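Below is one structure, written out as structure tokens; the observations come after it.
Just so it is clear, none of the values below were taken in a lab; they were calculated from the coordinates. Predicted model, so just to flag it, every value in this text is computed and none were measured. Here the Cβ positions follow ideal geometry from the backbone for every residue, glycine too, while neighbour counts run over all protein chains shown.
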Amino acid sequence: MNSLLVKGSYSTSRILVGENFKNVWSYVPDGNVYIISDKNVMNLYGQFFKGKNIYEVDPGENSKSLMAVSDIYRWLLSCHATRNSFILGVGGGVVCDIAGFVASTYMRGVKFGFVATSLLAQVDASVGGKNGVNLDGYKNIVGTFNQPNFVICDTTMLQTLPKKELANGFAEMLKHALIADSKKFYLMEQEIDRVNGCEVELLNELVFRSVQIKADVVSADERENGERKKLNFGHTWGHAVEKVTGFPHGYSVSIGMEFASRLSMKKGLLTRNEYLRIVNMLKNLKLPACVNADLSEIFDALTKDKKRNGDYIDFILLNGIGKAVIESITIEDLHAFVFNSVG
């Protein structure tokens, strides 16, 4: 097992990569624990949590709503949860987002931790202290910054994931390599069969490196005032795609990474060979690089992005593989790029 700390303003989060999820009780206080999970996860692992206070949400993004959160608040009240209670999120990215948001806001905040059961949650959603829910289809419009006490990343749990869910996680894992670690990108290129085969030893290495990258960024910029924005590589266009198409998060981010890489190439920051390597990697990870949808609708959703500042949007580009840069781009210039290029 490897572990590292993510230091936030008010708390520190311990990330445990390779820890067995059955050891979770070593990290939570005795008694007064409330578990938030989903039906799919409980079908697989519910026996282990038998006898505990468990709230099951429906799997999928539709559960990331204020209405669903309100139901959880009422459940906690009915169970007499107090400010000294502990909330444990057991699930993928959606569950971690919901559990973190609920814990951060119930009675002005209670302690919480995660057992991250999906690759997407292990490398992204459960790490970094962002917790949020959607509003009218717009991603994470309502949210908080608050670190979990711990995150258990048991990579053996990934063997039960459908291929589509693995691909979602691979998208975020690749993102970390593209923005901060060219050696990791090369390793994924060379060992693509082992990556797709979910070889535990290699996955532990890749997950831990992703967590290291995110932890370094978050520790330096917890509230996304500067450096942390680089973690949004692929997300600006990707979130707009997700809003319009309903594609899974990782698939949408994959499309967003192709878009941002192509924009980087147009601006002379990325060579054509580097761009083609990125697209080829997306293909090898069974991820989409383009979308067949109304570009006008996607662009309209993009203009409502949280990162918009007046007539500009902070866009994350690549100055070569392994180095992200932040560039403010006008809405007008983005419009010209979207509608005057293939994509």
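Numbers for the structure displayed
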| item | result |
| --- | --- |
| The stretch 201-257, relative contact order [Cα under 8 Å, separation at least 6], % | 26 |
| Cubic angstrom per residue, convex hull over Cα atoms of the stretch 1-141 | 109 |
| Segment Lys304-Trp75, length gained on full extension (0.36 nm per residue, minus Cα span) | 79.1 nm |
| Relative contact order, percent, the chain [alpha-carbon distance under 8 Å, six or more residues apart] | 15 |
| Calculated FRET efficiency for the pair Leu135/Asn32, C-beta based, R₀ 22 Å, to 0.05 | 0.10 |
| Kirkwood hydrodynamic radius of the stretch 82-237, from inverse mean 1/r over distinct Cα pairs, in Å | 16.0 |
| Rounded tilt (10° steps) of 93-105 against the dominant C-alpha axis of the chain | 60 |
| Residue among Gln159, Gln190, Gln147 with the largest mean-square fluctuation in a Gaussian network model of the chain, springs linking Cα atoms under 10 Å | Gln190 |
| Residues of the stretch 225-263 with amide N under 14 Å of the 7 Å Cα→Cβ point at Ser182 | none |
| Spin-label pair Asn20/Asn292, simplified geometry with 7 Å Cα→Cβ offset, distance in nm | 4.8 |
| Per-pair calculated FRET efficiency, R0 = 30 Å: Lys163 and Lys50 via Cβ, rounded to 0.05 | 0.50 |
| Spin-label pair Leu202/Thr330, simplified geometry with 7 Å Cα→Cβ offset, distance in nm | 4.7 |
| Partner aspartates and glutamates for Lys50 [C-alpha distance under 16 Å; skip if fewer than 8 residues away on the same chain] | Asp30, Asp38 |
| Crossing angle, helix 66-78 versus the chain [Cα axis fit, 0-90 degrees, rounded to tens] | 10 |
| Spin-label pair Met67/Glu191, simplified geometry with 7 Å Cα→Cβ offset, distance in nm | 4.5 |
| Choice from Ile213, Ile192, Ile98 showing the highest fluctuation, given a GNM over the chain with Cα pairs closer than 10 Å | Ile192 |
| Across Lys7/Lys266; Lys164/Lys307; Lys22/Lys307; Lys230/Lys266, pairs whose alpha-carbon gap is larger than 30 Å | Lys7/Lys266; Lys22/Lys307 |
| Cα extents of the stretch 224-343 along the three principal axes, largest first (Å) | 36, 29, 28 |
| Rounded tilt (10° steps) of 235-245 against the dominant C-alpha axis of the chain | 80 |
| All aspartates and glutamates inside 16 Å of Lys214 as judged from Cα atoms, apart from same-chain residues fewer than 8 positions distant | Asp124, Glu172, Asp181, Glu205, Glu222, Glu224, Glu227 |
| Mean Cα-pair separation over length for the stretch 159-264, i.e. relative contact order, pairs under 8 Å, 6 or more apart, % | 29 |
| Calculated [θ] (222 nm, deg cm²/dmol) that DSSP helices of n ≥ 4 give over the chain, each run adding -39,500 (n - 2.57) | -13000 deg cm²/dmol |
